[in-house]
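Below: the structure, in structure tokens.
Nothing in this text is a laboratory measurement; each read-out follows from the coordinates by a stated rule. Everything numeric in this text was worked out from a predicted model, so none of it was measured. All Cβ positions, even for glycine, are placed from backbone atoms using ideal geometry, and neighbour counts span all protein chains on display.
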Amino acid sequence: MMGYLVHSMLSGGELRLALMVQMINNAERYIEDAVRAGTIKPSRDPKARARLLARVTAAVSCSTCTCTTNPTSIEAVLRDYKQRHDPTGSGALHSRAANRRVNGMTPRWPG
């Protein structure tokens, strides 16, 4: 299924457009819910925010799936992603504080 979705996104056409429209609509609803709940701050342009998030999500999904050993299995894709980005298996890469605890040091961020 994952391979089919990625192939559809990469090949273009009406299916890609329909998938992107659905992703943007979903992102708009998720953002509205999160703003209402106070989880995120409102945006000056919520529709543009939703378009950006949907496009970034699609790009990352396509990139991740085309760089994995088994792009037809979502489980394999997620396992490969986790192994590349969280080799300790600690889940510590999700926050700076957790990263400091695991590594015993403050990470140096560029800039």
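Restricting the first member to segment 51-65 and to residues that are touching a residue at least 12 places away in the same chain (Cβ under 8 Å), and the second to residues that are outside any helix (DSSP H, G or I) and surrounded by 13 or more Cβ atoms within 10 Å (Cβ to Cβ), the beta-carbon pairs closer than 6 Å and six or more apart or on different chains are Cys65/Pro71.
Determine whether segment 12-20 contains at least one residue that is within 18 Å of the chain's Cα centre (by Cα), surrounded by 15 or more Cβ atoms within 10 Å (Cβ to Cβ) and of a type in the set (A, V, I, L, M). Taking every residue of segment 12-20 in turn, at least one turns out to be within 18 Å of the chain's Cα centre (by Cα), surrounded by 15 or more Cβ atoms within 10 Å (Cβ to Cβ) and of a type in the set (A, V, I, L, M).
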